[in-house]
Amino acid sequence: MSEILRSDNEIDFKEFILSLWAHKIIITIITASFVVYSGFYSIGLPKIYTAKALFYLDEEGGNSRSNIPEGMDSLASFVGIAGNGASKLEKLKERVNGRVFIQKISDDLNLHNDKYFNSYNPNADDPYWKSFIKNIIGFNSSQPDETEIIWNSIISAYQKSVSIAITSASNIEIIVNHESPERSAIIANIIMKEII
């Protein structure tokens, strides 16, 4: 009885190899099809280029933190007297990712005509399944504000494509991703000029 239990719990390696060998054609076809599909998929992906702008902002009036006691940094930062690099970075990120800033640089960059940032298509129709569900639940949408849809598209793509960081040498680094290397460099330079 103990031999029967022991044989049920063991894996027969020879039987496993033979079952793989028996299904070798199916395994080869499935593996090859996934390799070919992933190859075509990776070739079809758009190439994204990255541009970086690196600069340093000199604080006016020297170091304003010299008068602040050591334990009062967070309170001084809260009041707006001074702050560490992290809080300055957060303020800069907030400013650069805001709609007012994006609208300001959009005049120079013409983001409305850039297909990477403005993906709105006024002639696009809802997929069949989406319109079917809308009809079932009785959803009647009013005419959408085209300008607001375009701005939401631009802001969303901008916030995904533009990032700001502070390097270890306390420099500000702007990183811009775009399908065109020249365009990503132009955007990074215009953002840097606007910040300065």
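The values are calculated or read from the model by the stated rules, or taken from the named source; none is laboratory data. What you see is a predicted model; the values in this text were computed from it and never measured. Every residue, glycine as well, gets a Cβ built from its backbone with ideal geometry; the counts of neighbours run over all protein chains shown. Calculation scope for accessible area: heavy atoms of the full protein, side chains included, ligands and nucleic acids excluded. Shrake-Rupley method; radii C 1.70, N 1.55, O 1.52, S 1.80 Å.
Cross-link partners for LYS91 among the lysines, with Cα-Cα distance under 27 Å and sequence neighbours closer than 8 places in the same chain left out: LYS52, LYS104, LYS160, LYS193.
Calculated on C-alpha atoms, the gyration radius of segment 115-196 divided by its Kirkwood radius gives an Rg/Rh of 1.18. Backbone phi angles across segment 36-42, fed through the Karplus curve with coefficients 6.51, -1.76 and 1.60 (θ = phi - 60°), yield HN-Hα couplings of 5, 4, 5, x, 5, 5, 5 Hz in residue order; Gly and Pro are listed as x. Remark: segment 157-165, residue by residue, has Karplus-estimated 3J(HN,Hα) of 5, 5, 5, 7, 9, 10, 9, 10, 9 Hz, where x stands for each Gly or Pro and the curve is 6.51 cos²θ - 1.76 cosθ + 1.60 at θ = phi - 60°.
Per atom type, segment 109-185 shows carbon and sulfur on 50% of its accessible surface, probed at 1.4 Å.
Between TYR120 and SER180, how high is the FRET efficiency from 1/(1 + (r/R0)^6) when r is the Cβ-Cβ distance and R₀ = 22 Å? Nearest 0.05.
Efficiency at R0 = 22 Å is approximately 0.70.
Full extension of the chain between ASP145 and THR50 yields a length gain of 31.0 nm, computed as 0.36 nm times the residue separation minus the alpha carbon distance. Accessible surface calculations at 1.4 Å, restricted to protein heavy atoms, place segment 86-196 at 63 Å² per residue. Listed values for segment 185-193 are Karplus-derived 3J(HN,Hα) couplings in whole Hz (6.51 cos²θ - 1.76 cosθ + 1.60, θ = phi - 60°), namely 5, 5, 5, 4, 5, 5, 5, 4, 4, and x replaces Gly and Pro. Between PHE132 and SER33, the modelled labels are 2.5 nm apart [label points 7 Å from Cα along Cα→Cβ].
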